[in-house]
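Okay, structure first, notes after.
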Amino acid sequence: MNGVLAGIVAYLIILMAIGAWAKKYTRTEAEYFIGGRKVHILAAALSDKASDFSGWLMLGYPGQAFKAGLGAFWAGIGCFFGTLADYIFIGPRLRIYAGKFRAITVPDYLEARLRDNTKLIRILGAIIILVFMTAYVSAQFTAGGKALSEVFKIDVSTGILITMVVVLVYVLVGGFFAVVWTDVVQALFMISALILSAVIAITALGNLENAVSIIESVDPSKVHPFGGAIGLSAVIFAIGYASWIVGYLGQPHIITRYMSVDDPRKLRRPGIFISGIWTAIVLICAFLAGFVGFALAQKGLISVDDPEKIIPAIAVAFMPSWLAGFIIAGILAAIMSTADSQLLVASSAISRDLIHKVGCVELSQKWMVNIGRIFVIILSLIACYYALSGNKLVYAMVATAWGGLAVGFGPIVTLSLWWKRVTKWGGIVGMAYGLISEVILEAVIYGWEFNPKAPGVFGAIGAVLNGVPVFFVNFFITTLVIVVVSLVTKPPKDVAELHEKLFIKVAREKSQAEHVSDFLSKK
């Protein structure tokens, strides 16, 4: 156990050192929240994925593979193609627009792109971020509590408090640069820990074929790609897991990384290759650790009271203490690399979007950074409270928060980047609908667990969507709402012309890469 603790402490010292180093790059509001748009593509790409794959990757997803078997792999497929969609549809265009408008936050960009002089888009964006991002951070604290409790045999609540304190320290000190470069270290820890966990789990049973035989003898549905479902039920089963794909288009803590890159051209190559390869490896290994972990539990080689603790259980059972410490550090890396990014995004929603822009409070750059830090503390305490008192299932907590952000931002961000006709009223109505409907539907339908006997229309909706997350369907409904409202309202002429100039007319004359190069040289 001393070896485990030593490994974790060494890892935390590295993070604190990075935070202290990054402090010299944190003088202005832009540097604190997006690194002054000077982040190297390698750091941005690895930070993007480390921020994306939270405690869900190290605890929630393996736990789902443990419970559902082969069918859970559809979630990995959704995440992989969601990553590619981000780099194809969001990254380069968002970076170009953000640079043009000097946008620091996602609401910053949307307000400038849609020429919203009502401040409603900024207010709605801040509310969406605060509601769902705080829930997301709460899930990370819960995941940290589970990991620490499994290894050190402490209360989950104590583990949650420890996780919160560690995350707070280096976010407060270093801001975005600290978050990005700690994410790089954490991404390397995560991929190494998952590869090691999967290899050791399979080796403990001899080979993967033995694991499949054991699982099939216990529950044949666990080795069926659709969980034993056939026909339409099989399609719904696959959509239910793969639905993560649409969420990628609207996660502020992920797409903010694209706004920070020094050169948007690099988001296509090499950014997409770095992220794609890293993502494929970690998803396969996380799935295998949980899937094979079920066979290990059936053979009595490990004891797990909670499927979401399967990776720390493998580490403690089969590895020397110093190596187990390395695995736990990888779990903490996944948790903290997401929580830190989300805290920065949430605090920027208050300090910049609400206080500075909506409230028209003019403060010095130093004070804006300090206010951001104060709200990091406040939001951490709120998230910690919910982690201590709320749902302890990481997979479900992340799915709910992910869905809210997906519906709130995904449709309007995507349309604003690709459709010159989108209007501020389409954005306002769409975001308002997304926020209100997602909160109501998640609470009511999930509260009744898709119970067809639930009162009225909600029972009917629950019966139809049984197995498909609310946010997946609601994403397309929100998109339709934005399109309809935009078609009956007038788009801002100057932005429509800018969109035409940047992304349409130029394509007839020369390559996108050449145009972006010209644009950057003139910026």
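Bear in mind that the values in this text are calculations on the coordinates, not laboratory data. Just so it is clear, the structure is predicted and the values come from calculations on it, not from any experiment. Quick reminder, even Gly has a Cβ in these numbers, built from the backbone with ideal geometry, and neighbours come from all protein chains shown.
A compact table of results
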item: In Hz, Karplus ³J(HN,Hα) per residue of region 57-62 (6.51, -1.76, 1.60; θ = phi - 60°; x = Gly, Pro); result: 5, 8, 10, x, 5, x
item: Alpha-carbon Rg with Dmax, taken over region 118-165, Å; result: 15.4, 53
item: Mean Cβ count within 10 Å, highest first, over the residues of peptides 188-199, 370-381; result: 188-199, 370-381
item: Kirkwood Rh in Å, taken over region 296-355 so that all alpha-carbon pairs contribute; result: 13.9 Å
item: Packing-based order for 475-488, 206-219, 75-88, using average beta carbon neighbours within 10 Å, highest first; result: 75-88, 475-488, 206-219
item: Shape box of region 202-323 [Cα atoms, principal axes, largest first, Å]; result: 52, 48, 25
item: Gain in span if fully extended, Leu12 to Leu480, counting 0.36 nm per residue against the direct Cα distance; result: 163.9 nm
item: Over 19 Å (Cα to Cα) - which of Lys67/Lys146; Lys49/Lys100; Lys357/Lys420 fall in this group; result: Lys49/Lys100; Lys357/Lys420
item: Karplus-derived 3J(HN,Hα), 6.51/-1.76/1.60, for each residue of region 149-161, Hz, glycine and proline x; result: 5, 5, 7, 9, 6, 9, 5, 4, 4, 5, x, 4, 5
item: Cα-based Kirkwood hydrodynamic radius, region 59-190, one decimal, Å; result: 18.1 Å
